[in-house]
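Shown next, in structure tokens, is the structure this report addresses.
The values are calculated or read from the model by the stated rules, or taken from the named source; none is laboratory data. Keep in mind it's a predicted model, so treat the numbers as computed, not measured. So basically every Cβ, Gly included, is an ideal-geometry build from the backbone, and we count neighbours across all protein chains shown.
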2 protein chains.
Amino acid sequence: MSRATVSYVLNRDSRQSIPETTRQKVLDASARLGYRPYGPARLLRGARSSVVLMLTQGLEHASDFVATGIITSLGAALRQHGLHLVWQLGAEECDTAIDLAPAVVLTSVPDGDPLIDELSEQFSVPVRSAFPHLDAFLAASAAAQVEHLVARGRQRLAYAAPSRPELGATAAIRHRAADAAAAAAGIPLPHRFEVPDDRAAAGAALRAELAAHPELDGICAFNDEVAFTVLAAAADCGIVVPSQIAVIGVDNHPLGPLTIPALSTVESDVTEFVTQFAAHVAQLAAGEAAEPPLLPDQAHAVPRAST
Amino acid sequence: MSRATVSYVLNRDSRQSIPETTRQKVLDASARLGYRPYGPARLLRGARSSVVLMLTQGLEHASDFVATGIITSLGAALRQHGLHLVWQLGAEECDTAIDLAPAVVLTSVPDGDPLIDELSEQFSVPVRSAFPHLDAFLAASAAAQVEHLVARGRQRLAYAAPSRPELGATAAIRHRAADAAAAAAGIPLPHRFEVPDDRAAAGAALRAELAAHPELDGICAFNDEVAFTVLAAAADCGIVVPSQIAVIGVDNHPLGPLTIPALSTVESDVTEFVTQFAAHVAQLAAGEAAEPPLLPDQAHAVPRAST
DNA sequence: TAAAGCCATTGACACGTGCAAGTAGATGCT
DNA sequence: AGCATCTACTTGCACGTGTCAATGGCTTTA
């Protein structure tokens, strides 16, 4: 009953032959005493950690519920590889918990961000963006928006950007993609139109926009939340959607079917990406270097009453 | 330049006097080599973990965005105590990562749930519900809804319950609280009325409800999402809110101001609770036993156009 | 000068685990 | 009997850290 014997039994070491009587004695004692192997000691000994650490900085406001969904399903997918995803929100100043020893670190910042190198140095484990090739992913949705509106016969578009400054970079990417899609379709480029969070202010902004561009007949919103604001503002202004102006969002927000009129939107299927990315992370955790799969660069319209 | 000397310098041990020259030499070498203390070894040595593990089972669908908000702000509050909150979603079958060694484990299940004892045995660290006294917290919002509707002159109420079975227990608590508030106000008890997720089905359900109870003039919705569905169904049925029926939700969802009409709702202020609960968790992490603060059992109305 | 005291530094250990290497004892083969 | 082979188990080490007790050099005091 030395420690080694116990260890052989509990780890089912096939190179050691253990008679059944001893085996049972060890198992009984282990169960009776409620023995649990102590994680830190195993790690110190050199065991591979089963922890994958997800770090997110900016997406607190649940606004990025698409990212939240990806993270959730990624956690489920990683569990099938024997890995455990834990999520640390708002790890601003790189004061991440040093005493959890992850096998892999994922971050919400895009590839190429200096934070990735910083984290890599700090943890000395593989660090990857959880959203590889994010720009193309973001751009695809805006392109799909424009294509859908054009297919519905709309020609004079505006791009409804959010007023939150932290979303500015993302909005710029999508707006450029909308421009490119408009150019490809041979219609005028959609001009930018900022939507305040406040409903009354949004109504005023929409009125001003229509005064400046009376021929406007379609709005691509940055995401569904901006689209909700536009719909509310339009109703307040007496603008009829979609007969006067069509409105389309991005993300397929669960509340989209409930607006008046129900919101058309655009969606990317990320299930395959999540599966592949989980496998990629499992490879990294196993010590193999590998290139990550990319987020889909295709999006499809979810047409409803607002277009 | 032995390991001990280095350790004394890096941990600023005040019981040891280290001459400045040696101190600098150690610091320089440490910085040059990019030394990071290895978490698992510190824990094995007996250091206190700075990790607080939050486990959630059911609240994937972002439906419980109130819980999500509490968790987020709790993470920020704990950081001020030098603790790091990490969040493992959907830890169903208790297969939680054993190799992260938390100082405290928090769970989304209410006090008294057998899972708490199970986790306590598994981790052998303090385990607490992150939502202590949850029932009273849930009940308070329903009471506030009824009081608000009564103050607006409504007398014949219905309780709009969600159709998702996993929310049934919570809905029952709130419905009972609504009954109690109605009894206290001297009006008939609100009868239950189930709202399907699908908009068309919700419209049919609302029509049937009105046919059965033509005198209905107010609806307490289980939460804002159910209220959104009710508003959409009402619009589809040609029912005018609030002149014919007033509708009020729960949670102060960020999209509430954007519905047509803007949704009245009910909210509890949890900032004080979060602060106190963070301090409580810090006590637990320091090894002191302590009773947790309780979630507020008061809620206040956020009146908008729908009542 | 020797005894005593202070200061900087160091060797050694413990924490819990997993595994390589080694050791008895039993059995088989010649 | 003598030697090889197997089984059943043990000893011992390493992982990286923090801290106690001990060491040796140097200065002060009697």
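Quick look at the values:
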quantity: Qualifying positions in the range A:22-32 - within 16 Å of B:Gln122 (Cβ to Cβ) and either touching a residue at least 24 places away in the same chain (Cβ under 8 Å) or assigned to a loop (DSSP other than H, G, I, E, B) (or both); calculated: A:Ser30
quantity: Breaking point among (1) more than 8 Å from chain B (Cβ to nearest Cβ); (2) within 23 Å of the chain's Cα centre (by Cα); (3) crowded, with 17+ Cβ neighbours inside 10 Å, for A:Ser120; calculated: (3)
quantity: Scan of the range A:33-50 for residues that are part of a helix (DSSP H, G or I) and more than 16 Å from DNA strand D (Cβ to nearest atom), ordered by number; calculated: A:Leu33
quantity: Filtered residues of the range B:90-106 (kept if surrounded by fewer than 22 Cβ atoms within 10 Å (Cβ to Cβ) and under 28 Å from B:Ala169 (Cβ atoms)); calculated: B:Gly90, B:Glu92, B:Glu93, B:Cys94, B:Asp95, B:Thr96
quantity: Single condition B:Asp99 does not satisfy, out of (1) more than 13 Å from DNA strand C (Cβ to nearest atom); (2) touching a helix residue (DSSP H, G or I) at 6+ places or on another chain (Cβ under 9 Å); (3) charged (D, E, K, R); calculated: (1)
quantity: Unique match (being more than 18 Å from A:Arg154 (Cα to Cα), within 12 Å of chain B (Cβ to nearest Cβ) and touching a residue at least 24 places away in the same chain (Cβ under 8 Å)) among A:Ala233, A:Ala227; calculated: A:Ala233
quantity: Tally of residues being closer than 30 Å to A:Gln145 by Cα and either among the small types (Gly, Ala, Ser) or in contact with a Cys (Cβ under 6 Å, 6 or more places away or on another chain) (or both) across the range A:279-298; calculated: 0
quantity: Which numbered condition A:Leu106 fails, given (1) farther than 21 Å from B:Ala103 by Cβ; (2) at pLDDT below 95; (3) not in a helix (DSSP H, G or I); calculated: (2)
quantity: Test result for B:Ala67, surrounded by 13 or more Cβ atoms within 10 Å (Cβ to Cβ), within 42 Å of the chain's Cα centre (by Cα) and part of a loop (DSSP other than H, G, I, E, B); calculated: no
quantity: Odd one out for A:Asp111, checked against (1) modelled with pLDDT of 95 or more; (2) in contact with a His (Cβ under 9 Å, 6 or more places away or on another chain); (3) more than 10 Å from every other protein chain (Cβ to nearest Cβ); calculated: (1)
quantity: Subset of the range A:117-141 that is among the aliphatic types (A, V, I, L, M) and not in a loop (DSSP other than H, G, I, E, B) - its residue that is farthest from A:Arg174 (Cα to Cα); calculated: A:Leu119
quantity: Test: residue in the range A:5-21 that is under 30 Å from A:His253 (Cβ atoms), in a helix (DSSP H, G or I) and more than 16 Å from DNA strand C (Cβ to nearest atom); calculated: no
quantity: Residue check for A:Leu10: touching a residue at least 24 places away in the same chain (Cβ under 8 Å) and more than 12 Å from every other protein chain (Cβ to nearest Cβ); calculated: yes
quantity: Residue match in the range B:11-28 (condition: within 38 Å of the chain's Cα centre (by Cα), surrounded by fewer than 12 Cβ atoms within 10 Å (Cβ to Cβ) and near DNA strand D (Cβ under 8 Å from one of its atoms)); calculated: yes
quantity: Residues (touching a Cys at 6+ places or on another chain (Cβ under 6 Å) and surrounded by fewer than 19 Cβ atoms within 10 Å (Cβ to Cβ)) located in the range A:162-215; calculated: A:Arg207
quantity: Residue identified as within 30 Å of A:Ser268 (Cα to Cα) and not basic (Lys, Arg) among A:Gln88, A:Gln16, A:Gln24; calculated: A:Gln88
quantity: Residues within the range A:236-257 that are within 14 Å of chain B (Cβ to nearest Cβ) and within 26 Å of A:Ala139 (Cα to Cα), tallied; calculated: 10
quantity: Checklist (1) of a type outside the set (S, T, N, Q); (2) surrounded by 14 or more Cβ atoms within 10 Å (Cβ to Cβ); (3) within 13 Å of DNA strand D (Cβ to nearest atom); (4) touching a residue at least 12 places away in the same chain (Cβ under 8 Å) applied to A:Met1, failing item; calculated: (2)
quantity: Every pair of residues 6+ apart whose Cβ atoms lie under 7 Å, when the first sits in the range A:47-68 and is assigned by TED's automatic domain parsing to the domain that holds A:Ser120 while the second is assigned to a helix (DSSP H, G or I) and modelled with pLDDT under 85; calculated: A:Ala62/B:Phe65; A:Ala67/A:Leu59
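For (1) more than 14 Å from chain B (Cβ to nearest Cβ); (2) in contact with a helix residue (DSSP H, G or I) (Cβ under 9 Å, 6 or more places away or on another chain); (3) more than 30 Å from B:Gly69 (Cα to Cα), each residue gets a yes or a no:
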residue: A:Thr21; (1), (2), (3): yes, no, yes
residue: A:Val26; (1), (2), (3): yes, yes, yes
residue: A:Leu33; (1), (2), (3): no, no, yes
residue: A:Tyr38; (1), (2), (3): no, yes, yes
residue: A:Ala41; (1), (2), (3): no, yes, yes
residue: A:Gln57; (1), (2), (3): no, yes, no
residue: A:Gln80; (1), (2), (3): no, yes, no
residue: A:Leu85; (1), (2), (3): no, yes, no
